[in-house]
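See below for the structure under consideration.
The values are calculated or read from the model by the stated rules, or taken from the named source; none is laboratory data. All values reported here derive from a predicted model rather than from experimental measurement. Here the Cβ positions follow ideal geometry from the backbone for every residue, glycine too, while neighbour counts run over all protein chains shown. Just so you know, the surface numbers come from the protein's heavy atoms only, side chains and all, with ligands and any DNA or RNA stripped out. Shrake-Rupley method; radii C 1.70, N 1.55, O 1.52, S 1.80 Å.
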Amino acid sequence: MRAVKLCTSVLAGFLAVNALSARQQTAPPSEVDEGRELFIGNCAVCHGPDGDSVPGVDLGHGKFKRASSYDNVIEIIRDGVPRTAMPAFSKELSELEMRAIIAYLRFMAATAYSTSAPGDPVRGKAIFESKGACLNCHRVKDKGSRLGPDLTEIGAVRRMIELERSLLEPNAEILLQNRLVRLVTRDGVTITGRLLNQDTFTVQLIDSRERLHSLQKSSLNEYAFIDKSPMPTYRDKLNPPELADLVSYLVSLKGIVSQ
Ligand code: HEC
Ligand code: HEC
């Protein structure tokens, strides 16, 4: 706790000396990541993954009804808004966690999409299932493969800009739970697949043919995460209108309940 405080005050001094603008004071990625998790876990249920589901409030674009600064925003998160659905989080979240959420809100505003959902989700679904061949690796409800992450609810947990980035630069950001592992057993058999679970002694994964493997770690010669995503980039495979349609389709995938 103390080390973190010291570190932020040194950083604040550094920023003041260099007279950086507010926009340039981007937080280190780890704080933004923590803020994203906290936002998805505590706020997205009402505010939506893009922060724009409550009428008149657009958290992802820094557009507020009441708050006039990010300090105000912290107060609102802490105390809630009386006589509205906005709850107080003073018991659920620590000051550092609230600051992480603010870092994420600033990050969202700095990387905001200027256009909103320009594509056609129906055409996007057709691209997903035919030309894009996304079902070779992904599942939506009961259709497709389990090699890559299940996308049935992807529109509820990822922002448009994140979905677009996944299609254009699959290697830019791979979530821990989506990472692939490569194992080589003592008898020289190589298995590549998505990590499902592991403990001190065993590891479970699912391979590209959807076979479940459970192995003793002691029987392995090699065990490593693969840094590169097996997902190809669609930058040259799909043109911009097709990408927009596809992203609109992904945004529409909000899980079974809302269908
Ligand atoms: C149960 C639903 C709900 C949850 C959960 C929720 N909010 Fe809200 N929030 C609202 C509503 C509704 C409003 C609008 C209140 C009003 O009418 O001014 C609001 C308003 C706000 C405002 C004021 C915006 C402005 O225009 O000034 C901020 C900031 C905010 N919420 C942030 C958060 C954050 C951050 C979280 C998660 C830690 C969160 N909210 C969780 C429902 C919710
Ligand atoms: C060769 C297999 C493969 C193909 C084909 C493929 N993907 Fe992926 N995709 C993956 C894997 C594995 C991941 C998880 C690792 C990563 O994030 O890159 C992933 C990640 C994603 C993510 C991010 C998921 C998250 O939780 O943030 C999205 C969105 C996505 N893919 C959409 C698509 C779409 C749309 C298509 C078709 C145009 C497609 N993928 C084609 C394997 C594939």
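What to note about this one:
- As a summary of the residue check, M108 satisfies the conditions (1) assigned to a helix (DSSP H, G or I); (2) modelled with pLDDT of 95 or more; (3) of a type outside the set (S, T, N, Q) except for the one numbered (2).
- Any hit, the stretch 140-155, residues being away from ligand 2 (no atom under 11 Å from the Cβ), of a type outside the set (V, I, T), out of contact with any Cys (no Cβ under 8 Å at 6 or more places or on another chain) and under 23 Å from G41 (Cα atoms): yes
- Subset tally (residues that are closer than 22 Å to F128 by Cα and either in contact with a Gly (Cβ under 8 Å, 6 or more places away or on another chain) or open to solvent by less than 90 Å² (accessible area, probe 1.4 Å) (or both)) for the stretch 221-243: 12
- If the condition is being within 15 Å of E169 (Cβ to Cβ) and in contact with a strand residue (DSSP E or B) (Cβ under 9 Å, 6 or more places away or on another chain), then the stretch 229-259 contributes S229, P230.
- Criterion (within 16 Å of ligand 1 (Cβ to nearest atom), under 22 Å from R123 (Cα atoms) and not hydroxyl-bearing (S, T, Y)) met by exactly one of R165, R159: R159
- Residue in the stretch 95-105 that is within 16 Å of ligand 2 (Cβ to nearest atom) and either of a type in the set (S, T, N, Q) or surrounded by fewer than 17 Cβ atoms within 10 Å (Cβ to Cβ) (or both) present: no
- Taking the stretch 42-65 as the range and being near ligand 1 (Cβ under 6 Å from one of its atoms) and in a loop (DSSP other than H, G, I, E, B) as the test, the residues that pass are C43, V54, V57, F64, K65.
- Boolean, G148 is buried (at least 18 other Cβ atoms within 10 Å of the Cβ) and either assigned by TED's automatic domain parsing to the domain that holds H61 or within 30 Å of S218 (Cβ to Cβ) (or both): yes
- Conditions (1) more than 8 Å from ligand 1 (Cβ to nearest atom); (2) assigned to a helix (DSSP H, G or I); number of the one not met by S68: (2)
For every residue, the table says whether it meets (1) under 29 Å from I154 (Cα atoms); (2) at pLDDT below 90; (3) of a type in the set (G, A, S); (4) touching an Asp or Glu at 6+ places or on another chain (Cβ under 7 Å).
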site: L15; (1), (2), (3), (4): no, yes, no, no
site: T26; (1), (2), (3), (4): yes, yes, no, no
site: P55; (1), (2), (3), (4): yes, yes, no, no
site: F64; (1), (2), (3), (4): yes, yes, no, no
site: V73; (1), (2), (3), (4): yes, no, no, no
site: A88; (1), (2), (3), (4): yes, no, yes, yes
site: L93; (1), (2), (3), (4): yes, no, no, no
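- Identity of the residue in the stretch 76-89, more than 8 Å from ligand 1 (Cβ to nearest atom) and open to solvent by 70 Å² or more (accessible area, probe 1.4 Å), that ends up nearest to N42 (Cα to Cα): R78
- Complete set of residues in the stretch 170-199 that are within 13 Å of Y223 (Cα to Cα) and among the polar types (S, T, N, Q): T185, T190, T192, Q198
- Per this entry, A103 is not counted among residues that are within 16 Å of ligand 1 (Cβ to nearest atom), touching a Cys at 6+ places or on another chain (Cβ under 8 Å) and modelled with pLDDT under 95.
- Neighbours by Cβ (under 7 Å, 6+ apart or cross-chain): first from the stretch 50-68, of a type in the set (A, V, I, L, M); second more than 6 Å from ligand 1 (Cβ to nearest atom): L59/G51; L59/L105
- E153 being in contact (Cβ under 8 Å) with a residue 40 or more places away in the chain and either away from ligand 1 (no atom under 16 Å from the Cβ) or open to solvent by 20 Å² or more (accessible area, probe 1.4 Å) (or both): yes
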